[in-house]
1. How many residues are open to solvent by 90 Å² or more (accessible area, probe 1.4 Å) and assigned to a helix (DSSP H, G or I) when one looks only at segment 14-36?
2. Within segment 1-13, is there a residue that is modelled with pLDDT of 95 or more and surrounded by fewer than 17 Cβ atoms within 10 Å (Cβ to Cβ)?
3. For segment 49-75, give me the residue count where each residue is more than 18 Å from Leu145 (Cβ to Cβ) and either among the hydrophobic types (A, V, I, L, M, F, W, C) or free of Cβ contacts under 8 Å to residues at least 12 places away in the same chain (or both).
4. Give all pairs with beta carbons closer than 6 Å in which a residue from segment 76-102 that is within 23 Å of Phe160 (Cα to Cα) meets a residue that is of a type in the set (D, E, K, R) and assigned to a loop (DSSP other than H, G, I, E, B); count only pairs at least 6 apart in sequence or on separate chains.
5. Which residues, taken from segment 109-136, are in contact with a Phe, Trp or Tyr (Cβ under 8 Å, 6 or more places away or on another chain) and at pLDDT 90 or above?
6. Determine if segment 41-51 includes at least one residue that is within 28 Å of Ala164 (Cα to Cα), surrounded by 15 or more Cβ atoms within 10 Å (Cβ to Cβ) and under 13 Å from the mean Cα position of the chain (by Cα).
Amino acid sequence: MLFIANLLILLSLAVIVFQDFKQREISWFLIPVAFAGFICKAVFYKNSLVHDFLFNSVFVALQLLCLTIYFSIKNKRFLNIIDSYLGLGDILFLVVVCTVFSPVNFILFYVCSMMLTLLGVLIYNLLSAKQTRDIPLAGVMAGILLILVITTMAVPGIDFYNDAYFLNILQNV
């Protein structure tokens, strides 16, 4: 079962990366495939999946609410950020990622992947003759997640579902 879950995860993430970078959109069926793969893997490794998923989902919802409020105030009218600033695929991919990590690991992944995405787009716009406003957010996050999943397969001691490693580092700082 774990082999099938890993196969679904690897294939769906690779296709998301490819499609989002090439077309700036992803096929809808990749979201439930990745979601199912990560749920199966999480059930295999963890028993408090619901708690972590709810925490991570609330965190994402608060971020999206803040973005909606910010852009609505900026534009002086209510603004739906879907398709204006974020694609529906990006938001649905964030929901999938909520199943992958414990809360501390999720926030770390979220912040780092957003910063890497921003840095990558800035570098691309500086070096490229054609400027882009479209950001392949789901593709970049899927690429980073793909690297992390492959790393956990190669190094069995890494555990996305346990906050202890990063909390110990924070306590020692």
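1. Residues flagged as open to solvent by 90 Å² or more (accessible area, probe 1.4 Å) and assigned to a helix (DSSP H, G or I) within segment 14-36 amount to 4.
2. yes
3. Here is the first cut: in segment 49-75, the ones more than 18 Å from Leu145 (Cβ to Cβ) are 50-51, 54-55, 58, 61-62, 64-75.
Those left that are additionally either among the hydrophobic types (A, V, I, L, M, F, W, C) or free of Cβ contacts under 8 Å to residues at least 12 places away in the same chain (or both): 50-51, 54-55, 58, 61-62, 64-67, 69-75.
Count: 18.
4. Ser102/Asp163
5. Just the residues of segment 109-136 that are in contact with a Phe, Trp or Tyr (Cβ under 8 Å, 6 or more places away or on another chain), to begin with: 109-110, 132, 136.
The answer is Phe109, Tyr110, Pro136.
6. Narrowing segment 41-51 to residues within 28 Å of Ala164 (Cα to Cα): 41-51.
Narrowing further to those that are surrounded by 15 or more Cβ atoms within 10 Å (Cβ to Cβ): 41-42, 46, 49.
Those left that are additionally under 13 Å from the mean Cα position of the chain (by Cα): none.
No.
The values are calculated or read from the model by the stated rules, or taken from the named source; none is laboratory data. From a predicted model like this one, the values you see are computed outputs, not experimental measurements. For neighbour counting, all protein chains shown are included, and Cβ atoms are generated from backbone atoms with ideal geometry for every residue, glycine included. Remember, those area values only see protein heavy atoms, side chains included, never the ligands or the DNA or RNA. Shrake-Rupley method; radii C 1.70, N 1.55, O 1.52, S 1.80 Å.
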